[in-house]
1. Say R0 is 51 Å: what FRET efficiency, to the nearest 0.05, do T219 and E306 get from their beta-carbon distance?
2. Accessible area, 1.4 Å probe, largest first: how do V102, V50 sort?
3. How far apart, in nm, are two points set 7 Å out from the Cα along the Cα-to-Cβ line at K147 and at Y481?
4. Probe radius 1.4 Å, ligands and nucleic acids ignored: give me the carbon and sulfur share of the accessible area of the chain as a rounded percent.
5. Using alpha carbon centroids, what distance separates the stretch 389-413 and the stretch 447-505, in Å?
6. Could you compute Rg(Cα) / (2.2 N^0.38 Å) for the stretch 154-307, with N its residue count?
7. If a paramagnetic tag sat 7 Å from the Cα of Q47 along the Cα-Cβ line, which residues of the stretch 67-111 would have the backbone N under 16 Å from that point?
8. Can you report the principal axis dimensions of the stretch 350-462 using only the alpha carbons, biggest first, rounded to whole angstrom?
Amino acid sequence: MKIFSREQVYEGDRLTAEKQNITSTDLMERAATQIFNWMHMRMQGAQVPVHVFCGIGNNGGDGLVIARHLITHGYNVKTYVVNCSDKRSKDFLINYDRIKNVTKEWPMLLKCEEDFPEIHPDDIIVDAIFGIGLNRPVADWVKSLFKHFKTTKAFTLSVDIPSGLSTEKVPENEDDVVWAGYTLSFASPKLVFFLPETAKYTVQWEVLDIGLDQEFMHTTVTDVELIGKFEVLPIYIPRDKFSHKGLFGHSFIIGGSYGKIGAVTLASRGALAAGAGLVSVFTPKCGYSVLQSSFPEAMVFTDINEELITDIKFDIEPTVVGIGVGVGTNTKTLKAFEAFLKQNKAPLVIDADGINILAKKKTLLKLLPENTVLTPHPKELERLIGAWKDDFDKLDKVTAFSKKHKVIVVLKGANTITVLEDKLYVNTTGNPGLSTAGSGDVLTGIITGLISQGYNPLVASIFGVYLHGKSADIAVEDFGYQSLIASHIIDYLGEAYLDLFKQPEPQVPEENPEEEKA
């Protein structure tokens, strides 16, 4: 799914009105009616008090349409206009006149804190105050209204985006934004729904199809894409009946040090479970017995040193190399890492201490093959690119880093984001159970194993992140968040693959309240 920028949304609205020969007011009616339908289907006429708060721009116009339909369908509605400016949009004014034609109780004008209505915890708030076009500071009394919403503990439904939340920056104060229980977003979700500092402003979100021009939807290139099952299914490479292991590449995992052989074991197991034809491991001597006994499918090469990697020598030609897990940052290891990079010709996946070594000696970045995959956790990323002011600043720094060094960066988190230059791929699988030791090592292995099979590094990163998260989503059903461990991700990887081809269970059609009345 594409995530459109604010400018692209405006262009989509304009093109749709032009091509479908409708007015912007017609498009507003269509979009807001979709929100009413969503509410109507769930409320089934229930007389819960609904408080619709409208701004004086187009988001407020949406709110007036919603309120009008709620009124004409017999709901218990109170409508308010948040009078935060003297300027009113054309479509707001049109719908202000329309709502006055269906009720004697005209919208109440709010101008200060003394005007705030009483709202009970069991009521519903519809937030249609500010949309994506907000480009001015929010007045203090309006911020107090947002706090009033939060204090009431009433369920809050935001139209398109929680009011006060920008699509392009992090709020300076969390009280400057409506905290929504649910956001119904037009045409596409917003990037801010997936960033750590801004995702908290909506507990859940859903995209509504408002009938934007299909050519615009399909041909517009976006900087951000949301990755789910339907995005990764087309990139899956099926296997032929007469396949053999030689067709699926040779993954080579380099890592481990005394006490950290588990990291390289998890990564190498992840590579094989992801589908690599062969997996070899290079590790200090202390890892030999561990790997040969715990992971008999792997071939093992060892350093001359018992506890550290000091001299990376091997006599194979790997398809891809995953390096860095558990390797440490000893000076001898750093030198061995540099010597390896100078003679390496294979694609690379670098994680953990491999990234820390790059951060210690940034001149090594020049030795990385194009499209090398880096998979840092936040602290490793900070060592590599420096501190950032907020999530948007972090994305700016990462995209600049990716462009400069021609690398792919996988930003691990609740919604892991894969970055290649200016393009962001936001993952939708995964859960808090992944906050466990070794889960990143497994991800390194999975991406390495996918590159081994012929997936290009970007596709392998996107697909690997998806499978890693999906495996955890399936495993958590058996183990819960707290008891999920990294090995479970590997154990359930097969089920994540199989899930790609599962058909959704047929849904029983919901009854339409209007049909019941008829």
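1. 0.30
2. Per-residue accessible area, sorted high to low, gives V102, V50.
3. Using points 7 Å along Cα→Cβ, the separation is 2.9 nm.
4. Here carbon and sulfur together make up 52 percent of the probe-accessible area.
5. 24
6. Ratio of Rg to 2.2 N^0.38 Å for the stretch 154-307: 1.63.
7. 71-78
8. That works out to 32, 31, 26 Å along the principal axes.
The values are calculated or read from the model by the stated rules, or taken from the named source; none is laboratory data. Predicted, not measured: the structure shown is a model, and the values here were computed from it. Virtual Cβ from ideal backbone geometry, glycine too; neighbours counted across all protein chains shown. To get the accessible areas, we keep the full protein, side chains included, count just its heavy atoms, and leave off ligands, DNA and RNA. Shrake-Rupley method; radii C 1.70, N 1.55, O 1.52, S 1.80 Å.
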